[in-house]
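Take a look at the structure below.
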Amino acid sequence: MEDKSDRLLAELALHNLDLVLTDSQVTTTSVKVKAYNHLLGECGVVVMAAPSLAKKLRDHFPQSLTGAPFLIPTENTALRRSLDEWFAARSVHPLIRGEFADSALEKVFGAGGIGAFVVPAVIEKEVKEQYGVQTVGTLDGITERFYAVT
């Protein structure tokens with residue numbers, strides 16, 4: 001089941017779910033649920049794109065992302081906040097072509113050449129194989145974390 005964190009945590013509180021996988025810790029101030037955060041792991045983040053776009057963006061990366069079509073997670077994610085900060089710190093201004101709550105749909109659009117997108121480095125190989133995309137580069141300084149919330 002994929003949904004907004006608040007809804008998933010409500011289901012967890014009602015014991016309709018045993019576990020929620022998320023990219024950020026649940027704080028006691030964000031929800032009124034007794035929840036425990038378990039860090040599962042962390043990894044870097046890579047930019048990927050359809051082969052023709054990836055080839056163009058590799059030269060002068062990451063500055064090549066300025067003006068480039070880009071697909072991005074919605075604002076309610078830790079990854080989006082990290083990306084916004086990373087872009088601002090480096091004066092990189094991609095052309096946002098879409099915001100996605102569903103990462104699988106984002107990858108489908110990216111594979112179709114609509115824009116570059118980011119994925120956790122831990123799944124880079126699988127994304128290449130499944131979607132036929134290529135790696136553009138690594139976003140140094142961004143770490144994606146994965147938590148199990150019980």
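At a glance:
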{"item": "In the chain, lysine pairs with alpha-carbon atoms under 16 angstrom apart (chain gap of 8 or more, or interchain)", "result": "4"}
{"item": "Gyration tensor verdict on region 41-144 (Cα atoms; rounded if a/c is under 1.5, prolate if a/b is larger than b/c, oblate otherwise)", "result": "rounded"}
{"item": "Residue-normalised accessible area of the chain, expressed per residue, 1.4 Å probe, Å²", "result": "58"}
{"item": "Global form of region 5-72, assessed from the alpha-carbon gyration tensor, a/c cut-off 1.5", "result": "prolate"}
{"item": "Selection of trypsin sites (Lys or Arg not before Pro), region 1-92, meeting DSSP coil and at most 16 other Cβ within 10 Å", "result": "K4, K32, K34, R90"}
{"item": "Shape category assigned to region 51-107 from the gyration tensor of Cα positions, a/c cut at 1.5", "result": "oblate"}
{"item": "Percent of beta bridges antiparallel (DSSP, the chain, rounded to nearest 5)", "result": "75"}
{"item": "About the Cα centre, charge dipole magnitude for the chain (Lys/Arg +1, Asp/Glu -1 at Cβ), debye", "result": "300"}
{"item": "Mean ellipticity per residue at 222 nm, deg cm²/dmol - from DSSP H runs of n ≥ 4 across the chain, formula -39500 (n - 2.57)", "result": "-8500 deg cm²/dmol"}
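The values are calculated or read from the model by the stated rules, or taken from the named source; none is laboratory data. Quantities reported herein were computed from a predicted structural model and do not represent experimental measurements. Cβ atoms come from the backbone with ideal geometry, glycine included; neighbour counts cover every protein chain shown. Ligands, DNA and RNA are stripped out before the accessible areas are found, and what is left, the full protein with its side chains, is counted by its heavy atoms. Shrake-Rupley method; radii C 1.70, N 1.55, O 1.52, S 1.80 Å.
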